[in-house]
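The values are calculated or read from the model by the stated rules, or taken from the named source; none is laboratory data. Bear in mind the structure is a predicted one, so any value in this text is a computation, not a measurement. With ideal geometry, Cβ positions are generated from the backbone for all residues, glycine too; neighbour counts draw on all protein chains shown. Please note that ligands, DNA and RNA were not included when accessible areas were found on the heavy atoms of the full protein model with its side chains. Shrake-Rupley method; radii C 1.70, N 1.55, O 1.52, S 1.80 Å.
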2 protein chains.
Amino acid sequence: MSVTQLKKITKAPQTLRDIVQHRMREAIIAGHFAPGERLVERPLCDQLGVSRTVVRETIRYLEAEGLVEIVPNQGPIVATLSWDQAKQIYDVRLLLEGSAAAACTVVQGRNFGPKLTRALNAVEATMDDTEWADLLQATTKFYELIFLEAGQTIAWDIVQRLNGRISRLRALTIAARDRETSGMSHMRSIHDAILSRDAATARAAVEAHITDAAKTARGFLNADQPEVKDA
Amino acid sequence: MSVTQLKKITKAPQTLRDIVQHRMREAIIAGHFAPGERLVERPLCDQLGVSRTVVRETIRYLEAEGLVEIVPNQGPIVATLSWDQAKQIYDVRLLLEGSAAAACTVVQGRNFGPKLTRALNAVEATMDDTEWADLLQATTKFYELIFLEAGQTIAWDIVQRLNGRISRLRALTIAARDRETSGMSHMRSIHDAILSRDAATARAAVEAHITDAAKTARGFLNADQPEVKDA
DNA sequence: TACGGTCTTATGGTATACCATGCTTTGAGA
DNA sequence: TCTCAAAGCATGGTATACCATAAGACCGTA
């Protein structure tokens with residue numbers, strides 16, 4: 001391949017901001033920062049080895065993403081998550097992912113089936129991993145395939161952003177192994193329904209998957225912070 | 001009310017960033033900047049009378065919102081909108097707004113009816129205004145009531161953000177007066193269905209409203225930029 | 001005249017120093 | 001021990017200097 005030359009020309013203009021953004025997002029999602037924890041600029045600069053400008057811009061971006069909140073006269077903190085918010089997020093995912101799966105049954109191309117099957121197998125393969133991040137990534141890839149095949153890139157962006165906000169919950173639900181087996185069976189149902197082009201069943205399977213995850217998550221979140229956030 | 005005292009204590013910690021952010025967002029949404037137009041930092045600093053830092057952070061935020069795109073090695077431009085993207089946005093709105101209206105039929109409080117009626121009347125009142133922004137705002141308020149009553153604040157955030165990205169289209173569709181009357185009748189249907197707690201009809205009315213708007217928008221966008229954006 | 005290489009310039013990107021403000025904490029005095 | 005003031009700290013905000021790069025102008029040569 002002459003990709004080498006092309007790569008050189010189209011060389012990744014990955015800016016420092018992008019790297020820092022990615023790193024911080026990952027750090028928050030991975031739970032490296034606790035929710036509510038303050039994100040003090042200058043220490044972050046030291047840790048990351050970049051200037052304040054970069055950190056500040058990154059924080060702005062993550063604020064817009066909902067991963068970071070700004071406390072007036074105090075600065076940025078890692079966004080906290082109430083059960084009410086989490087429930088709303090699961091509700092939106094229910095709509096978007098259900099719709100994507102249904103659309104996918106109609107518009108899927110001829111080589112989509114094998115790809116989806118491979119993705120499902122990848123999920124199953126990571127099931128026994130000790131590293132929960134791998135399973136999370138495999139699951140993400142599975143859904144990404146569905147959204148992209150349905151041509152719903154914007155909805156996928158929204159879902160990904162929402163997933164970032166409930167990443168801690170997702171990690172917790174994954175840690176619950178008993179749920180995983182049911183999660184796996186749900187995903188198999190989704191896979192089968194899509195390949196047999198059964199829109200209604202596909203949507204139902206997705207909704208079952210998410211409802212199940214939400215139910216598991218609720219237990220954790222209620223135990224975590226039982227107090228109700230006022231309006 | 002002792003609001004005065006409270007106001008003083010809780011005095012708006014509105015930072016410069018917030019102001020600039022708001023101003024620029026409004027400017028883009030109002031069409032003051034053309035899509036694809038470059039947002040050169042230093043001139044913006046001069047125009048707004050602020051430093052580059054503020055402008056840059058604002059641009060990061062708007063980038064995350066999807067209002068601004070970054071062209072590698074060139075800098076930020078006002079986001080462009082292809083018909084495919086617009087269609088996706090209308091599709092997501094279809095799901096979220098339909099769902100909100102349906103939920104609203106169930107959970108609405110006793111004083112919600114009058115409020116919704118007032119909002120509907122406000123829309124009708126602005127119908128003859130020359131200023132399209134007023135009608136847009138009244139329409140927004142109408143839907144906001146529905147989302148908040150349904151307790152779907154996150155979905156409302158998403159819809160608002162999406163609306164920002166298709167603001168030009170919304171302005172154009174509003175300029176088409178013939179659509180407005182039908183839009184008004186659609187909103188009246190939504191209003192009536194919600195108040196009579198008829199979920200299915202409410203959802204259908206919302207979907208009719210959006211589908212209609214999308215159809216009108218399509219004409220404008222196809223005329224605007226017929227070329228297809230490559231993947 | 002046309003082509004190609006170099007130089008300038010404008011812009012994005014980064015780093016750093018500085019000031020004002022508002023918490024928070026700590027310490028001194030009552 | 002309690003209270004209040006002052007100092008420290010973190011942030012918001014600003015200005016500026018520096019580098020890299022991309023685009024365009026300019027000039028020299030064929």
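Residue-wise test of (1) over 18 Å from residue B:96 (Cα atoms); (2) outside any helix (DSSP H, G or I); (3) within 14 Å of another protein chain (Cβ to nearest Cβ); (4) modelled with pLDDT of 95 or more.
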{"position": "B:157", "(1), (2), (3), (4)": "no, no, yes, yes"}
{"position": "B:168", "(1), (2), (3), (4)": "yes, no, no, no"}
{"position": "B:173", "(1), (2), (3), (4)": "yes, no, no, no"}
{"position": "B:178", "(1), (2), (3), (4)": "yes, no, no, no"}
{"position": "B:187", "(1), (2), (3), (4)": "no, no, no, no"}
{"position": "B:194", "(1), (2), (3), (4)": "no, no, no, yes"}
{"position": "B:200", "(1), (2), (3), (4)": "no, no, no, yes"}
{"position": "B:204", "(1), (2), (3), (4)": "no, no, no, yes"}
{"position": "B:217", "(1), (2), (3), (4)": "yes, no, no, no"}
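Would you mind telling me which numbered condition in (1) farther than 20 Å from residue B:201 by Cα; (2) open to solvent by 70 Å² or more (accessible area, probe 1.4 Å) residue B:127 fails?
Going through the list (1) farther than 20 Å from residue B:201 by Cα; (2) open to solvent by 70 Å² or more (accessible area, probe 1.4 Å), residue B:127 breaks only (2).
Go over the candidates A:154, A:146 one by one and state the one that is without any contact (Cβ under 8 Å) to a residue 12 or more places away in the chain and either surrounded by 20 or more Cβ atoms within 10 Å (Cβ to Cβ) or touching a Cys at 6+ places or on another chain (Cβ under 6 Å) (or both).
Result of the check over A:154, A:146: A:154.
Considering only helices (runs of 4 or more DSSP H) fully contained in the range A:14-110, which possess at least 1 residues that are within 16 Å of DNA strand D (Cβ to nearest atom) and either within 13 Å of chain B (Cβ to nearest Cβ) or touching a Cys at 6+ places or on another chain (Cβ under 6 Å) (or both)?
Correct list: A:16-29, A:41-48, A:52-65.
Residue A:140 - would you say it is among the polar types (S, T, N, Q), away from chain B (no Cβ under 11 Å) and assigned to a helix (DSSP H, G or I)?
Spelling it out, residue A:140 is indeed among the polar types (S, T, N, Q), away from chain B (no Cβ under 11 Å) and assigned to a helix (DSSP H, G or I).
Kindly provide the set of residues from the range B:52-81 that are hydroxyl-bearing (Ser, Thr, Tyr), open to solvent by 20 Å² or more (accessible area, probe 1.4 Å) and either more than 9 Å from DNA strand C (Cβ to nearest atom) or in contact (Cβ under 8 Å) with a residue 60 or more places away in the chain (or both), ordered by number.
Of everything in the range B:52-81, those that are hydroxyl-bearing (Ser, Thr, Tyr), open to solvent by 20 Å² or more (accessible area, probe 1.4 Å) and either more than 9 Å from DNA strand C (Cβ to nearest atom) or in contact (Cβ under 8 Å) with a residue 60 or more places away in the chain (or both) turn out to be B:61, B:80.
Counting only residues that are surrounded by fewer than 17 Cβ atoms within 10 Å (Cβ to Cβ) and acidic (Asp, Glu), which one in the range B:181-222 is farthest from the chain's Cα centre (by Cα)?
My answer is B:198.
Results for (1) surrounded by 17 or more Cβ atoms within 10 Å (Cβ to Cβ); (2) among the basic types (Lys, Arg); (3) free of Cβ contacts under 8 Å to residues at least 24 places away in the same chain, shown as yes or no for each residue.
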position: A:32; (1), (2), (3): no, no, yes
position: A:45; (1), (2), (3): yes, no, yes
position: A:48; (1), (2), (3): yes, no, no
position: A:91; (1), (2), (3): yes, no, yes
position: A:109; (1), (2), (3): no, no, no
